[in-house]
Amino acid sequence: MIFERGHFSNSNIQESFINESLRDVRTFSSKSAYSAKPTVFLSHKHDDLKDLQGFMGKLQELGAKVYIDSMDNKMPDQTSGDTAIRIKEVIKYCNKFILLATEKAIESYWCNWELGIGDTHKFIEHIAILPMKERGLNDLQYKGNEYLQIYPRIDYEDGTNHYRNNGGIIPQGYYVSKPINKEGIRYITLLTDWLNQK
C-alpha cells in the first residue's frame with residue numbers, strides 16, 4: 001500500500017500525542033530519559049511537516065519517541081557542517097530510521113544522504129520507508145518504487161488478507177513489510193513489535 005497524503009491526519013490520533021512528541025524533539029539529548037522508549041529518527045522533507053505530525057502521533061501512540069531535525073532547538077540556524085554532524089549523531093543514537101518517502105523527499109539530497117547514514121548505522125533490520133503519494137495518484141505513479149525493492153516499508157493491513165503459510169487472517173493494523181524475496185514471499189512484522197526490536 002502506498003499511503004496518500006492526509007492518511008494519518010484523518011486518524012483518531014490524540015493531539016496530545018503529537019504535542020508531546022514535538023516538545024520532546026525540541027530538547028532531544030541522548031543523555032536524557034528520552035531513551036527509555038524506542039527512538040525513531042524520522043527523515044522528511046520540511047514541506048511535508050503536516051503529513052509528518054499525524055504519523056509522529058501514531059508512533060507516539062505505539063510507545064516510540066520520535067526525532068525530527070526541523071523541530072530540534074539544538075540545530076544551527078543556517079545549514080552547515082554542524083547540521084550534518086548533529087544529524088549523524090542522532091541517527092546513530094536512535095534505534096530506528098524511517099524515511100517519509102514523499103515525491104519531494106525522494107528528490108531531496110538531504111533525505112537521500114540521511115538514508116545513506118541510516119543504511120550504514122541501522123542496517124536493513126532497523127530501517128523502514130513510509131511511502132506517501134499525492135492524493136488521486138495510483139500506486140504505479142509513485143516515484144519511490146525502487147526504494148520499496150530495497151528497504152522494508154510500512155504497510156497497513158485491513159484485516160482481509162491471509163497469511164500464506166497457514167491461511168489465517170492477518171489482523172488489522174500497521175506492519176513493517178520486507179521486500180518480496182525470490183520465492184515471492186513477503187515477511188511482515190507488526191509495527192509495534194518492530195519498534196521494540198533491538
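Brief remarks on what is shown
- Prolate/oblate/rounded label for the chain (Cα gyration tensor, a/c 1.5): prolate
- Separation of the range 170-198 from the range 41-97 is 23 Å, based on Cα centroids.
- When the chain is described by a simple charge dipole with +1 on each Lys and Arg Cβ and -1 on each Asp and Glu Cβ, the residue from Leu195, Tyr109, Leu59 located farthest towards its positive end is Leu195.
- Checking every one of the chymotrypsin sites (Phe, Trp or Tyr not before Pro) in the range 150-198 against DSSP loop status and a limit of 14 other Cβ atoms within 10 Å picks out Tyr163, Tyr187.
- Counted by neighbouring Cβ atoms within 10 Å, the residues Lys45, Lys74 run from fewest to most as Lys74, Lys45.
- Share antiparallel - DSSP beta bridges, the chain, percent rounded to 5: 40 percent
- In terms of other Cβ atoms within 10 Å, Leu191, Leu148 run from fewest to most in the order Leu148, Leu191.
- Computed on the chain, with alpha-carbon pairs under 8 angstrom and 6+ residues apart, the relative contact order is 20 percent.
- DSSP-assigned coil residues among GluC sites (Glu not before Pro) in the range 135-198, each with at most 14 further Cβ atoms within 10 Å: Glu183
- Within the shell defined by Cβ-Cβ distances under 14 Å, the residues around Lys88 carry a net charge of -2, with Lys and Arg each +1 and Asp and Glu each -1.
- Helix-only CD estimate at 222 nm, as mean residue ellipticity for the chain, using -39500 (n - 2.57) per DSSP H run (n ≥ 4): -10000 deg cm²/dmol
Bear in mind that the values in this text are calculations on the coordinates, not laboratory data. Computed from a predicted model, the values in this text were never measured in an experiment. Methodologically, a virtual Cβ is constructed for each residue, glycine included, from the backbone with ideal geometry; neighbour enumeration extends over all protein chains shown.
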